[in-house]
Amino acid sequence: MDKETIEKVANLSKLAVEEGELSDFKDELLNILDYFDKLDEANTENVPPTSHVMEIINKMREDEVEKELDNESALKNSSNPQEGYFKGPKVRD
Amino acid sequence: MNVTIGLEVHVQLLTKSKLFCNCGTNYRDSEPNTHTCPVCLGLPGSLPVLNKKAIEYGTMAGLALNCDIANEMQFHRKNYFYPDLPKGFQITQYDRPLGQNGEIRLDQDKKIRIKRIHLEEDPGRLVHPPSARYSLIDYNRSGVPLLEIVTKPDMDSPQEARSFLKKIRETLEFLDIFDGSLDGAMRCDANISLEGGGRAEVKNISSYKGAEKALSYEITRQKNLLRRGKEVKRETRHFDESQEITRSMREKEQEHDYRYFPEPDLPLIQLTEEKINSIKEKLPELPEEKRKRFLDQYEITKDQAKSLTTSKTLANFFEEISQQVNPKKTATWVTDSLMGELNYRDQSLSESNMNKQKFIYILEKLRDGDITEKGATKIIRHILDEGGHPKEIIKQKDFKAIKSQNLDQIIHKILEKNSEAVEDYIKGKEEAINYLVGQVMSETKGKAKPADTRKKLQKILEGYDG
């Protein structure tokens with residue numbers, strides 16, 4: 001696994017990885033990939049892909065409006081509310 | 001030069017509640033962050049539960065767009081990092097969408113193939129106050145159900161793209177699952193390329209007028225590059241609606257690495273053939289079917305049938321009035337007069353001051369000869385501009401048609417005043433009568449019927465001759 005790949009994965013995960021940590025991450029990621037190789041050994045030829053461990057289907061709800069949070073509660077965990085909005089760094093120039 | 005256009009259209013479905021939670025979808029007139037809950041705010045531990053109605057509406061749309069509806073579908077997480085998505089991913093459909101392989105036909109029978117349609121959640125809304133160094137986020141829109149419609153690259157002009165969007169709007173509105181008059185209810189991205197050039201993806205198109213403008217701009221831009229022997233780069237561009245131009249968007253290549261994976265919090269959805277058929281049976285009459293029926297049922301022209309079925313409101317308006325007034329007359333007055341006046345004012349029928357009762361009143365008065373055609377037009381204009389009931393307007397504005405004996409008097413007065421024209425007519429200059437009719441019309445401010453006036457004039461002038 002090259003440096004660029006590790007940097008890319010870190011970037012997609014929004015993790016700041018310092019130069020000195022790269023080799024540690026490399027080892028850990030390779031371990032995980034090895035584990036996937038292990039999984040690949042299982043014969044899944046006639047097994048349909050599983051995306052859910054529980055065999056439930058069509059769990060749906062009726063189209064009804066129920067209690068919503070008021071503005072104050074919605075913003076309660078925000079460190080930076082303003083005029084009823086969540087405030088964050090500018091995302092477009 | 002060959003132009004190739006494909007569209008990705010996002011439309012909001014008219015469910016009462018959001019796609020994965022019970023929050024309301026009427027965010028437009030609301031204060032920010034007043035229609036949220038832990039699910040649509042992406043708080044840890046919250047779990048999405050799918051809205052049954054959204055699947056039903058999506059299936060209706062899929063059937064109306066002639067798609068194959070999936071018997072089994074699944075949701076995926078599309079991961080990207082942007083503050084309009086509080087969870088850090090959007091729940092959408094990936095390789096097992098709701099519908100595939102559809103098609104619709106535009107006028108002149110042009111076929112546009114639909115690659116797929118799928119359900120996904122609308123992100124929140126970002127506000128960028130001018131000159132501020134921050135952005136504000138409102139999550140009221142977060143989780144509103146969107147139907148994405150992806151076409152094959154089958155359109156070859158901006159006009160065709162516009163027709164396609166209009167057709168989609170028309171169709172979905174007939175199903176009562178979409179309201180195109182709501183701001184931002186339809187948004188689209190367009191892929192466009194010219195023969196021998198790379199493909200540009202244009203984002204941020206929010207109306208069909210905008211689509212036509214953005215695409216026309218792109219054609220000019222790409223043509224100019226190719227003409228000068230330059231390369232048309234494959235890139236994403238942003239449409240600036242106020243300036244009607246597209247701009248290159250700087251983006252990192254990783255942004256497209258969405259790392260889709262199955263949404264573990266939502267189980268599979270199965271739609272049996274029975275269920276699909278029961279939705280199919282409940283589908284209302286679609287524009288194309290209505291058009292054919294109108295043509296068969298009423299004595300109206302092809303063009304009239306076409307204009308009357310451009311919206312459900314209009315079609316119902318026409319059909320309900322036709323039960324009381326002659327359908328042919330109704331069709332003419334609705335398509336020629338009312339629609340023209342509405343277009344001129346950039347109003348839609350439902351948001352205008354006109355209603356069925358008022359229109360019936362006008363047409364009945366016209367039929368009974370109490371008002372002239374010109375008067376009727378003036379009354380329609382008055383209602384659209386200032387409101388009011390035609391009964392009052394006729395009284396106040398003196399739009400009542402002139403009575404026969406009064407018209408006689410006026411005609412005699414005009415004849416006395418215009419002896420030259422009278423002599424011309426007697427000498428055989430027949431067009432002189434047009435001038436006299438015009439004089440009577442202006443004297444009566446349009447309250448005389450031109451045909452009656454002409455007849456009366458002819459009769460009197462013949463008497464002069466003898």
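The values are calculated or read from the model by the stated rules, or taken from the named source; none is laboratory data. Quick caveat: nothing in here was measured; it's all calculated off a predicted structure. As a convention, Cβ positions derive from the backbone with ideal geometry for all residues, glycine included, and neighbour counts pool all protein chains shown.
The set of residues from the stretch B:386-411 being in a loop (DSSP other than H, G, I, E, B), closer than 19 Å to B:Val437 by Cα and touching a Lys or Arg at 6+ places or on another chain (Cβ under 7 Å) comprises B:Phe399, B:Ala401, B:Ile402. Note on the stretch B:1-113: enclosed strands (runs of 3 or more DSSP E) holding 2 or more residues that are among the β-branched types (Val, Ile, Thr), surrounded by fewer than 21 Cβ atoms within 10 Å (Cβ to Cβ) and on the phi < 0 side of the Ramachandran plot are B:3-12. Filter the stretch B:127-155 down to the residues that are of a type in the set (Lys, Arg) and in contact (Cβ under 8 Å) with a residue 12 or more places away in the chain, then identify the one that is nearest to A:Ala74 (Cα to Cα). The selected residue is B:Arg141. For the residues B:Val437, B:Val422, the requirement of being more than 15 Å from B:Lys449 (Cβ to Cβ) and either aliphatic (A, V, I, L, M) or surrounded by 13 or more Cβ atoms within 10 Å (Cβ to Cβ) (or both) singles out B:Val422.
Scanning the stretch B:417-458 for residues that are outside any helix (DSSP H, G or I) and more than 26 Å from B:Ala376 (Cα to Cα) returns B:Asn418, B:Lys427, B:Gly428, B:Lys429, B:Glu430, B:Glu431. Consider the stretch B:300-359 and keep the residues that are among the aliphatic types (A, V, I, L, M) and assigned to a loop (DSSP other than H, G, I, E, B). The one that is nearest to B:Asp183 (Cα to Cα) is B:Met354.
Would you pick out the residues in the stretch B:22-43 that are over 19 Å from A:Glu72 (Cβ atoms) and at pLDDT 95 or above? The answer is B:Asn22, B:Thr25. Scanning the stretch A:37-55 for residues that are exposed (fewer than 12 other Cβ atoms within 10 Å of the Cβ) and either at positive phi or within 14 Å of chain B (Cβ to nearest Cβ) (or both) returns A:Pro48, A:Pro49, A:Thr50, A:Val53, A:Met54, A:Glu55.
Within the option set B:Ile362, B:Ile383, B:Ile414, B:Ile379, being without any contact (Cβ under 8 Å) to a residue 40 or more places away in the chain, assigned to a helix (DSSP H, G or I), surrounded by 20 or more Cβ atoms within 10 Å (Cβ to Cβ) and in contact with an Asp or Glu (Cβ under 9 Å, 6 or more places away or on another chain) holds for one residue only, B:Ile414. Of the residues making up the stretch B:97-117, not a single one is within 14 Å of another protein chain (Cβ to nearest Cβ) and among the charged types (D, E, K, R).
Here's the yes/no breakdown for (1) more than 17 Å from B:Ser350 (Cβ to Cβ); (2) polar (S, T, N, Q); (3) modelled with pLDDT under 90:
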residue	(1), (2), (3)
B:Glu170	no, no, no
B:Glu173	no, no, no
B:Ala185	no, no, no
B:Leu194	yes, no, no
B:Lys203	yes, no, no
B:Lys209	yes, no, yes
B:Ala214	yes, no, no
B:Glu218	yes, no, no
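Taking the condition facing chain B (nearest Cβ under 7 Å) and farther than 22 Å from B:Gln74 by Cα, does A:Asn80 pass? Against the criterion (facing chain B (nearest Cβ under 7 Å) and farther than 22 Å from B:Gln74 by Cα), A:Asn80 does not qualify.
Among residues of the stretch B:29-44 that are facing chain A (nearest Cβ under 7 Å), those with a Cβ under 6 angstrom from a residue that is of a type in the set (S, T, N, Q) and part of a loop (DSSP other than H, G, I, E, B), sequence gap 6+ or separate chain, pair up as B:His35/B:Asn140.
Every residue, every condition in (1) without any contact (Cβ under 8 Å) to a residue 60 or more places away in the chain; (2) in contact with a Phe, Trp or Tyr (Cβ under 6 Å, 6 or more places away or on another chain); (3) not assigned by TED's automatic domain parsing to the domain that holds B:Thr313, yes or no:
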{"site": "B:Asp183", "(1), (2), (3)": "no, no, yes"}
{"site": "B:Ser193", "(1), (2), (3)": "no, no, yes"}
{"site": "B:Ala200", "(1), (2), (3)": "yes, no, yes"}
{"site": "B:Asn204", "(1), (2), (3)": "yes, yes, yes"}
{"site": "B:Tyr208", "(1), (2), (3)": "yes, no, yes"}
{"site": "B:Leu215", "(1), (2), (3)": "no, no, yes"}
{"site": "B:Glu218", "(1), (2), (3)": "yes, no, yes"}
{"site": "B:Arg227", "(1), (2), (3)": "yes, no, yes"}
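Yes or no, residue by residue, for (1) modelled with pLDDT of 90 or more; (2) surrounded by 10 or more Cβ atoms within 10 Å (Cβ to Cβ); (3) within 25 Å of B:Arg259 (Cβ to Cβ); (4) within 9 Å of chain B (Cβ to nearest Cβ):
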{"site": "A:Asp2", "(1), (2), (3), (4)": "no, no, yes, no"}
{"site": "A:Ser13", "(1), (2), (3), (4)": "no, yes, yes, no"}
{"site": "A:Ser23", "(1), (2), (3), (4)": "no, yes, yes, no"}
{"site": "A:Ile57", "(1), (2), (3), (4)": "yes, yes, no, yes"}
{"site": "A:Glu64", "(1), (2), (3), (4)": "yes, yes, no, yes"}
{"site": "A:Arg92", "(1), (2), (3), (4)": "no, no, yes, yes"}
